[in-house]
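Report on the structure given below.
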Amino acid sequence: MSGAFVRVALDSPLPTLFDYRCDSPPPSPGTLVAVPFGKRTIVGLIVEVSAHSDVPAERVRSVEAVCSACAPLSSEWLELVSFAADYYQRSLGEVALPALPQALRDPDRWPRLFAVEPRYRLTDAGRAALPDALPARAAALRRLADALAGGQVLGASDARALHPKAGATLAAWQAQGWIEAEPAAGPDGALDGAARSNGETSAAGDERVAAVRPALTDEQTQAVDAIAGAQGFAPFLLHGVTGSGKTEVYLRALERLFAARPDAQALVLVPEINLTPQFEAAFRARFAGLAGAEAIVTLHSAMADGERARSWLAAHTGRARIVLGTRLAALASLPALAMIVVDEEHEPAYKQQEGLRYSARDLAIWRAKQRGIAVVLGSATPSLESWWQAEQGRYRRLSLSRRAVADAVLPSVRMIDLEEERRRGRGSVDGISGPLVAALKARLERGEQSLVFLNRRGYAPVLACDACGWVAGCPRCSAYVVLHKNEHALRCHHCGWESRVPRACPECGNVDIAPLGRGTQRVEETLAALVPGARVLRIDADSTRRKGSAQTLFSNVHAGEVDILVGTQMIAKGHDFQRVSLVGVLNADAALFSHDFRASERLFAQLMQVSGRAGRSGLAGEVLVQTRYPRHALYHALGRHDYVGFANATLSERRDAQLPPFVYQALLRAEARTLDAAFAFLKAAGAALSDLPFAERVTVYDAVPMTIVKVANVHRAQLLIESASRASLLATLRAWQPMLRTLKGVLRWSVEVDPLDI
DNA sequence: AGCACGCCGACT
DNA sequence: GTCGGCGTGCTC
């Protein structure tokens, strides 16, 4: 049989490519195709084009459709996903296809995605009618009309750049006869989009955010100079205390980049885009002058399919200069990528916790190396991995040690010794100590805001019976259920199971069942009673469940309608509260003695972060930490704002204990209907491992049940393997994977490289 | 992973 | 007599 064959990567765990016949002019690697696969048609990615195939001719089927409107993914991008597939032990297709926007993986949507966008110009009728037809307050529409009146030819993406909802406006105006379509100029999706519209239209909507360029501190200036002056692969660790102006350093470095290379692209990663609207606003304001309606695009999982596809295509075609996104943006196609920023690089959110468990930060660094460009990792509390790299001189450290706003100093941090309070007979009320209550009252009198941080949502973590010791547990998980008093419900935070609160103990009938411990709901209730007159607001995953409600709640805080804000780590991130001068921390101690060796690193980062919310704008900030261990080294370091001391001490502990970053780890997880089945599989897997090459350089631990053994009736266990050599670990995993596939059993298993939780 | 086929229990 | 449970096998 003659004709061309293509080797296609498909989103399937099978570790192979699939051959298809493709007789039309053979598309190049990186092209998307729709192919028959079993009973269905799915979208795959051409990896190779070949004149022959090793698959028996009768089994080879034909490509159904070629997505020729979409420029092929570059060989550089294919290298990136190949690397990630190899590193994280997945098939190429399992990495490549989920990295694409969902809309692109549906052949039915291709025509619309790549349709040439109609471009409109004003008609005489429109010139007469449009000025009077607009609602008085529709500033975005006014600008759109003005642009048309100025002789510009505009499309829907220009309208959307003015206002997200203005995309349909042009079509409506055309129907009125006010504007008319221009003859099509050429296919979209090619690399010619950048010049379509000018800066004036894209600047839109941001007049209100003044693009203030604050004066830089000396440290900021040095950082910007270092980043902008870097040649080749240049990883920077930007270590800046909270409020020291890291964002301004990113902005200036990017300004310098675009001044030198107007066509360059930059990737800016943030841990959670919904929490950082002001971050996005700062970028839009500062870079309002960049050419093109899609000069700045965002990419995150909360976006609608179509919008996400548009952003992705703007990045892929080079129209987007700045791509601002969450971890999934780390895999975007960026042909002119010239600089990467990873803000809050220590955040665990950069590690995907399901499916392909990649670290967006680590992939970002790999990409920077691949392209020979600068990558800036910013944090007030860098991950110990990154800190260690800087200590070894592999990353260049840039320090911002002072707050950038004049007069803003770091808050004073004080421990409230709960043991001493108890000894002196000044017991706390429902977990909130006298000194904290007094401090809250003082702020209320001064008209300042306070923030109370507690990393546990719900009303109480457990509901227990005093008489017989019964504790409310989840029937499907090996975990307690959390009491949510407002909703009159017990809820499992692992599987979502819910039930009504029982009136009496189901074991012994005792009616005196009582909540044990405290969650945010209970603290909210208690504070309202302890601090009369205070307006208390709670922000956590439960109070913000409805879409957009977090935004509303936070704006209440900013507007000064709240005196005391109670919440989980949600309140610690990204928000610049101008009137907060007191931060109270409850119940932090548990993490000090956790089995998870990373718990203290996380706790320290969280407490530094939440402490940073106090006294941002020149108010004297104070942080009060309630603890039974006021002399613990972690709190000692926190009190002195001493990240460096904490990091170096923790690193040396890690070195002594041979823990990451001094060893590399991987986990084999098994999920089965019984724990025995999971263990049997892991034992066999561990035994198989010892026969592999490199095995002597790899340590295999015993299989252990996971902390929450049972979730939603599935029993889970895991096997840890580690090595001082990353290469040996990877080589072992590569050889191990095929053996695991042959170990039969009715269970699901997965390998995770560089796990964060073990 | 999907999605089939295939062989045993409780129901319109 | 069927509907449907999930075990097993295949996908170019």
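Bridging of A:Lys683 to aspartates and glutamates at a Cα separation below 17 Å is possible for A:Glu671, A:Asp691, A:Asp702, A:Glu722, once same-chain residues fewer than 8 apart are set aside.
Per the Cα gyration tensor, chain A maps to an equivalent ellipsoid with semi-axes of 44, 37, 27 Å, ordered largest to smallest.
What percent antiparallel are the DSSP beta bridges of region A:1-152, to the nearest 5?
On the way: 17 of 19 bridges.
That works out to approximately 90 percent antiparallel.
Pairs A:Lys39/A:Lys710; A:Lys246/A:Lys351; A:Lys165/A:Lys351: which are spaced more than 27 Å apart, C-alpha to C-alpha? Intermediate results must be reported in sequence, preceding the final value.
Details: A:Lys39/A:Lys710 35 Å; A:Lys246/A:Lys351 22 Å; A:Lys165/A:Lys351 33 Å.
Beyond 27 Å: A:Lys39/A:Lys710; A:Lys165/A:Lys351.
What lysines sit close enough to A:Lys485 to cross-link, taking a C-alpha to C-alpha distance under 23 Å and skipping anything fewer than 8 places away on the same chain? By straight Cα distance, A:Lys485 reaches A:Lys547. The candidates A:Cys477, A:Cys508, A:Cys495, arranged from most to least accessible area with a 1.4 Å probe in the full protein assembly, appear as A:Cys508, A:Cys495, A:Cys477. For region A:206-400, the C-alpha radius of gyration sits at 0.95 times the compact-globule guess of 2.2 N^0.38 Å, with N the residue count. Summary value for region A:609-758: 28 percent relative contact order, contacts being C-alpha pairs under 8 angstrom separated by 6+ residues.
Note on region A:670-702 and region A:450-479: Cα centroid distance 34 Å, given to the nearest whole angstrom. Taking the inverse of the mean reciprocal distance over all distinct Cα pairs, the Kirkwood hydrodynamic radius of region A:664-753 comes to 13.0 Å. For A:Met706, the residues 5 or more places off, or on other chains, whose built amide H falls under 5 Å of its own are A:Arg716, A:Ala717, A:Gln718. Here A:His575 sits with roughly 10 square angstrom of accessible surface, probe radius 1.4 Å. Converting phi to 3J(HN,Hα) with the Karplus coefficients 6.51, -1.76 and 1.60 and the offset θ = phi - 60°, region A:579-591 yields 9, 7, 10, 10, 10, x, 10, 10, 6, 7, 4, 3, 5 Hz in sequence order, with x at every glycine or proline.
Does region A:9-144 come out rounded, prolate or oblate, given a ≥ b ≥ c as the square roots of the eigenvalues of its C-alpha gyration tensor, rounded meaning a/c under 1.5 and, failing that, prolate meaning a/b above b/c? All intermediate terms of the calculation are to be shown ahead of the outcome.
Values: a/c = 3.36, a/b = 2.38, b/c = 1.41.
It comes out prolate by the Cα gyration axes.
Computed over protein heavy atoms with a 1.4 angstrom probe, the accessible surface ordering of A:His316, A:His558, A:His715, largest first, is A:His558, A:His715, A:His316. For region A:430-446, the residues whose backbone nitrogen is under 20 Å from a point 7 Å from the Cα of A:Arg535, taken along Cα to Cβ, are A:440-446.
Normalising by the residue count of chain A, find the relative contact order in percent from Cα pairs under 8 Å and 6+ residues apart. Mind showing how you got there, number by number?
Numbers: 1500 pairs, mean separation 76.3, N = 758.
Here the relative contact order equals 10 percent.
Relative contact order for region A:664-753: 47 percent, from Cα pairs under 8 Å spaced at least 6 residues apart, divided by residue count.
With helices as the sole contributors, chain A gives -9500 deg cm²/dmol at 222 nm; each DSSP H run of n ≥ 4 counts as -39500 (n - 2.57), and the sum is divided by every residue. The smallest convex shape that holds all Cα atoms of region A:291-356, its convex hull, gives 99 Å³ per residue. Sorting A:Glu421, A:Glu79, A:Glu58 by accessible area puts them as A:Glu58, A:Glu79, A:Glu421; the probe is 1.4 Å, largest comes first, and only protein heavy atoms count. Here's how it looks for A:Ser594: its modeled amide H is under 5 Å from none belonging to a residue 5 or more places away or on a different chain.
Provide the percentage of antiparallel DSSP beta bridges, counting only those with both residues in chain A; round to the nearest 5. Of the beta bridges lying entirely in chain A, close to 50 percent run antiparallel.
Provide the net charge surrounding A:Ile708, with neighbours chosen by a C-beta distance below 14 Å and charges set as Lys +1, Arg +1, Asp -1, Glu -1.
Details: positive: A:Arg476, A:Arg669, A:Lys710, A:Arg716; negative: A:Asp596, A:Glu671, A:Asp757.
Neighbour charge sum, excluding A:Ile708 itself: +1.
The values are calculated or read from the model by the stated rules, or taken from the named source; none is laboratory data. Remember, predicted model here, so these are calculated numbers, not experimental data. Reconstructed Cβ throughout: ideal geometry from the backbone, glycine too, with neighbour counts over all protein chains shown. Note: accessible area is taken over every heavy atom of the protein model, side chains too, but ligands, DNA and RNA are not part of it. Shrake-Rupley method; radii C 1.70, N 1.55, O 1.52, S 1.80 Å.
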